[in-house]
Structure formats: structure tokens, C-alpha cells
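First comes the structure, then the notes that go with it.
Taken together, the values in this text are just the output of simple stated rules run on the coordinates, not laboratory data. Computed from a prediction, not measured in an experiment: that's the story for all the values here. Cβ placement follows ideal geometry from the backbone for every residue including glycine, while neighbour counts extend to all protein chains displayed.
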Amino acid sequence: MTPRDVFALMREHWLANIPLSADLLTDDVVVEMPFAATGRPNRIEGRQRFMMFAEAGRAALPVHFDDCRNIVIHETTDPNVIIVEYELAGTVTTTGVSAAAPFIGVLKVRDGQIAHWREYQNTSAIAQALRQQ
């Protein structure tokens with residue numbers, strides 16, 4: 001699978017509101033969130049560690065994702081790497097408030113699996129949406 005194919009699968013998982021499948025990740029995957037909220041990790045190494053983090057995070061996040069829109073994919077000189085701009089929209093399940101936040105991700109794929117995902121999140125937009133609970 002190409003990086004575009006892998007991102008399409010990531011999007012499908014988000015919109016189905018299910019965690020990423022572990023088989024989409026390399027054993028040595030690195031996930032970085034340089035602008036992570038205070039108290040949250042900004043780097044996670046390894047499939048098992050990331051899966052534990054993601055499962056706990058989704059369980060604690062009262063949001064149902066409704067759309068992943070305004071997607072722009074930029075090719076790089078490395079055929080295994082793309083840069084993706086997108087907006088993730090959802091509904092806060094405790095209040096019914098709808099909100100959206102922009103993201104930028106750098107996705108590196110190895111043998112059809114995510115080897116590195118660096119996501120730049122608009123943490124203030126996310127926090128604002130959650131404060132409306």
C-alpha cells in the first residue's frame with residue numbers, strides 16, 4: 001500500500017470511530033505530536049505502546065468523528081512519505097456540540113504499514129470544543 005492508501009484507511013477508521021488496527025503499524029512505529037496538550041506525551045515509540053495510548057485516549061475523548069474534510073495531500077521526494085492537511089469534524093457526545101479542528105500530518109509508510117506519523121494538532125481548537133461540554 002502507498003502512503004495515500006494508508007491515509008485512506010486511517011480516515012476510514014476515524015470516521016467509523018474505531019481504533020487503528022495494530023496491523024497498520026510497524027513494530028517500531030514512531031508517533032509524534034509536537035504540539036500535544038500539556039500532560040500528554042509528544043512522542044510514542046512502538047506498536048504496543050501506541051495502541052495502549054490510542055485506546056485509552058479514545059475511551060476518554062467524548063467525541064464522535066463525523067467528517068474528515070478539506071484534505072490536501074502533498075507528495076514529497078520520498079515516495080514513502082506524504083504530507084497531509086485535513087480538518088477533522090466531530091460532535092461532542094456529552095453536549096451535542098459540533099466542532100472541527102485543522103491538522104497537518106507527515107506520514108511515512110514502510111511495507112504498507114505506518115512507520116512514522118507526525119501530527120500537528122490545533123490543540124486550542126480541540127480544547128475550545130471540549131470546554132463547551
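Starting from the Cα of F53, step 7 Å toward the Cβ, then list every residue of the range 11-33 with an amide N under 12 Å from that point. Output list for this probe position: 29-33. The angle between the Cα long axis of helix 47-60 and the longest principal axis of the Cα atoms of the chain comes to about 20 degrees, rounded to the nearest 10. Computing Cα Rg over 2.2 N^0.38 Å for the structure here picks out one of (i) 1.02; (ii) 1.33; (iii) 1.12, namely (i). Placing a label point 7 Å from the Cα of V97 along the Cα-to-Cβ direction, the residues of the range 16-53 whose backbone N falls under 19 Å from that point are 37-38.
Set the Förster radius R0 to 22 Å, insert the Cβ-Cβ distance between H74 and D27 as r into 1/(1 + (r/R0)^6), and round the FRET efficiency to 0.05.
FRET efficiency, H74 to D27: 0.20.
Look at T93, T77 and count the other Cβ atoms within 10 Å of each Cβ; fewest to most, that gives T77, T93.
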